[in-house]
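Everything below concerns the one structure shown next.
The values are calculated or read from the model by the stated rules, or taken from the named source; none is laboratory data. Quantities reported herein were computed from a predicted structural model and do not represent experimental measurements. We place every Cβ from the backbone using ideal geometry, glycine too, and count neighbours over all the protein chains shown. Accessible surface areas use protein heavy atoms only, side chains included; no ligands, DNA or RNA. Shrake-Rupley method; radii C 1.70, N 1.55, O 1.52, S 1.80 Å.
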Amino acid sequence: MAHWFHRNPFKATAPVTFDLRKYTSDGPSQKICSELRDARYAMLNAVTDPTLDVVVMESTVTNYLSLLQGMLVAVDETEGESKLRYAVKFKWTNSMLGNSVTEQQDSVYEQCCMLINIGLWYTKHAAAVAAKDDISIDEAKDVHKCLRKAAGVFQLVKEEKGKLLQSQEESGGDLDPRIIAAYMEQSVAEAQEVTVARAIEQKHTSALISALANETAKIFQSAFVSIQTLDDAKFGKWKKYFELKHMIYLAYAYSYMGENLLAQDQGGTAVRALQESKKFYASAEKLCEEYASAKGAGLRAKPESHLFFRKLGPHVNRILEKSERENGFM
């Protein structure tokens, strides 16, 4: 099954020379500084290409972050803080706040910001693969794995953020706990979408599909709550996305619940479940329009035209008509 995912922009950053002659000037140290500069440049180039092979991307990530560890952790046996941690100033934008720049002279800040972009890359790579009308089993596994990795990266950002000396973050910035939570929950929910799609394609029981869809709806609702209080002018489209997906998966959950109840000869209850499903589907149709016109970051899209949504309405109507028909014979 094809999937449609909302995506926010990458963070942007100013170039960094890693000129540390004030702290060290010997040949090996200058060579490492040069390697750091080149590795960062390569990392930033790679992260802008969502179609890049995952193995190539992860090799680039490992190369830069391993070098950056020298500015985070002391190289002696104490394993304490590196003397170079506060030697370089890093400047970054935030994914949802336009071109406003935030800066900190802290290598932990650089690590957190780069990790945010790496997490976003995994989600964008997953979206690029999942956009096909008919993805293979291996591609579906790749999408699921990338989304789970993205969730893990955002969880790591949450943990590393606590080490920042300057912990006060701009409201709505990428290190705002609400934003980190939303990115993490979005990644988990979208990975769950892949699981739901596979369960439908493999014709698992209606009870199982209903339970999976209901759990997916809950995670999208939790993501919405994380950013609910943020400015609609900047976050409106992202909020609508979470609301829309919440309604879609409630519609799926109730439709498969109705199908399961019908199989158990509970026609009346099945009809009521399907009627609820149809209400959620109607709400989702309205939210598709609201998403398209909402303010905030994200590509323009018409969710109602995507295959994953077009399949939902006929499915709900078919099961409802069947329930009403069979209930009439009971």
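Name every residue in the stretch 159-198 that is of a type in the set (Asp, Glu) and in a loop (DSSP other than H, G, I, E, B), in order of residue number. Result: GLU169, GLU170, ASP174, ASP176.
Of the numbered criteria (1) closer than 30 Å to LEU175 by Cα; (2) touching a His at 6+ places or on another chain (Cβ under 9 Å); (3) of a type in the set (D, E, K, R), the one ARG198 fails is (1). Condition test on GLU289, is it acidic (Asp, Glu), within 17 Å of TYR241 (Cβ to Cβ), at pLDDT 80 or above and assigned to a helix (DSSP H, G or I)? Taking the combined requirement at face value, the residue satisfies it. The single residue among TYR241, TYR281, TYR249 that is open to solvent by 20 Å² or more (accessible area, probe 1.4 Å) and closer than 24 Å to SER187 by Cα turns out to be TYR281.
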